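Scroll down for the structure; my scribbles are underneath it.
Just so you know, all these numbers are worked out from the coordinates, no wet-lab data involved. As the structure is a prediction and not an experimental result, all values here were calculated from the model. We place every Cβ from the backbone using ideal geometry, glycine too, and count neighbours over all the protein chains shown.
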Amino acid sequence: MEILSSLWAGFAVAALPINLALIVAGCFAGTLIGALPGLGPVNGVAILIPLTFAFGLNATSSMILLSAVYYGCMYGGRISSILLNIPGDEPAIMTTLDGYPMARKGQAADALAISGIASFIGATLATLGLTLFAPLLAKAAIYFGPADYFALYVMAFATIGGISGTDPRKTLLAALLGLMLGTVGLDPATGVARYTFGSFNLYDGFDPIVALVGLFAISEILFFLEQKAQDRQLIPKGRVFPRMSRVKEGLGASLRGSVIGFIAGILPGAGASLGAVMAYSFEKRLKDKGTFGTGDPRGVAAPEAGNNAASGGALIPMLTLGVPGSGTTAVMLAMLISLNIQPGPLLFERSPDLVWGLVAALYLANFVLLILNLPLIGIFTRVLGLPAWGLMPLVVAISYLGVYAITHAAFDLMVMVGFGILGFVLRKLDFSLVPVVLGLLLGLDMENNLRRALSISGGDFTVLLQSPIALLLYGITAVFLALTLWLSRRDSKAFAAKGGR
């Protein structure tokens with residue numbers, strides 16, 4: 001009853017006219033920012049922070065605006081992923097695997113509706129978890145040490161083989177390439193430059209967003225130029241409005257992906273990318289009948305629910321422990337500290353209006369985003385009616401502007417083109433691009449946790465096997481790999497028997 005009364009008081013705060021206006025404005029702005037390749041929620045939230053000071057907003061209103069932008073960006077990232085095969089941000093990578101194939105079949109409206117409803121389910125369940133279990137889940141997450149996080153990332157990389165339907169050897173090789181690219185920059189322990197070739201521009205390594213836009217957007221443009229398809233549409237326009245029968249196919253995957261994504265979001269540093277990867281991998285292993293990667297609605301619903309649930313889960317460690325659960329919540333944490341508000345266990349007692357007003361605003365933001373996004377599906381799908389010669393220059397312009405808006409460095413534009421050429425070559429050789437990005441994206445965190453664990457143990461590698469949590473994760477990884485091997489052999493035998501007949 002205490003939680004319900006606190007939540008009711010929070011709705012009274014969120015329902016103030018100024019806060020309602022901020023929720024609507026933040027959701028709309030976040031959706032637009034998320035749809036632009038390269039920007040993503042971190043940059044979207046950071047861009048709007050100066051506005052909170054310019055308009056003299058209090059801490060509660062500021063956090064409501066930024067949270068609405070955060071959720072809106074997570075919704076918006078799916079739009080360009082499905083329509084153009086260009087992820088709006090890192091978590092949206094997984095949406096391209098089945099979302100774009102659906103669009104190529106003329107089912108863009110179905111894919112957008114499935115992803116919108118999955119995002120709503122994931123974010124709502126995450127907000128419900130934040131309401132009911134925040135202190136309890138935060139206490140559980142604090143028991144994860146560096147060795148446990150390393151084991152978690154090992155498990156994540158073990159699932160990469162189940163993401164792509166291509167040759168597993170090529171998948172692992174692509175992941176290794178991503179890990180190698182992730183080592184470029186300053187060594188996190190010693191500060192020694194690695195593989196920078198004397199260039200100061202590479203001291204910070206490769207920005208995952210720059211690599212993301214290059215691998216997907218620029219390589220897609222190069223493929224278009226190779227095909228010389230000047231007068232055809234990139235993909236069929238198809239239906240303008242979605243079919244509910246297709247939307248229903250993704251409901252189960254949305255619920256399962258929400259649970260997995262929420263758990264991943266609670267772990268500080270894991271982020272929405274890991275939530276989307278784990279949700280897609282689990283769904284593929286559970287329900288795949290050879291349709292994932294070819295336009296399966298469940299392949300759209302699972303990662304979208306996973307990354308939106310992870311974004312809500314990431315707020316839990318930020319609010320209850322003062323530890324950011326993702327890059328975006330790190331920006332929001334800095335915002336709170338600048339307003340002389342210290343997140344942590346006492347925040348719920350010292351600033352109940354802020355905490356419960358924010359929670360209530362998240363519920364309202366989810367409904368606003370659903371109301372905003374579903375009617376706009378018809379407008380989004382009409383983009384596909386543009387001829388390719390008009391659409392591709394727009395994609396190029398958005399890609400360059402998105403990357404330049406992040407770093408304001410011409411060098412990163414050249415890096416983006418380099419990754420585009422790399423992506424084009426890999427796709428010609430039938431390599432999946434997703435493992436490359438995941439290796440680049442997750443590899444640095446994996447290395448940092450390995451370094452921390454070894455520093456604590458004085459270089460003793462057995463520290464990686466001493467934690468019960470780590471042993472449990474390694475056990476799950478072993479079971480997963482054994483299951484993968486068994487399924488692979490079973491499918492090979494079935495294929496051989498079929499071919500023999």
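Quick notes
- For segment 20-25, putting each phi into the Karplus relation 6.51 cos²θ - 1.76 cosθ + 1.60 with θ = phi - 60° gives couplings of 4, 5, 5, 4, 5, 5 Hz, in residue order, rounded to whole numbers and with x for Gly and Pro.
- Average projected area [Cα convex hull, segment 1-112], square nanometres: 8.4 nm²
- For Ile86, nonlocal amide neighbours, meaning residues 5 or more places apart or on other chains whose placed amide H falls under 5 Å from its own, are Ser81.
- Close amide-amide hydrogen proximity is noted between Ala193 and Asp187, each under 5 Å apart and 5 or more residues distant or on a separate chain (H modeled in the peptide plane; Pro and chain starts excluded).
- Packing rank of 453-466, 119-132, where each peptide gets the mean count of other beta carbons within 10 Å, highest leading: 119-132, 453-466
- Computed packing ranks the peptides 188-196, 20-28 as 20-28, 188-196, most packed first, by mean other Cβ atoms within 10 Å.
- Annotation: amide H-H contacts under 5 Å for Gly145 (H modelled 1.01 Å from N, sequence separation of 5 or more, or interchain): none.
- Between Ile337 and Ala189, residue separation times 0.36 nm minus the direct Cα-Cα distance comes to 50.5 nm.
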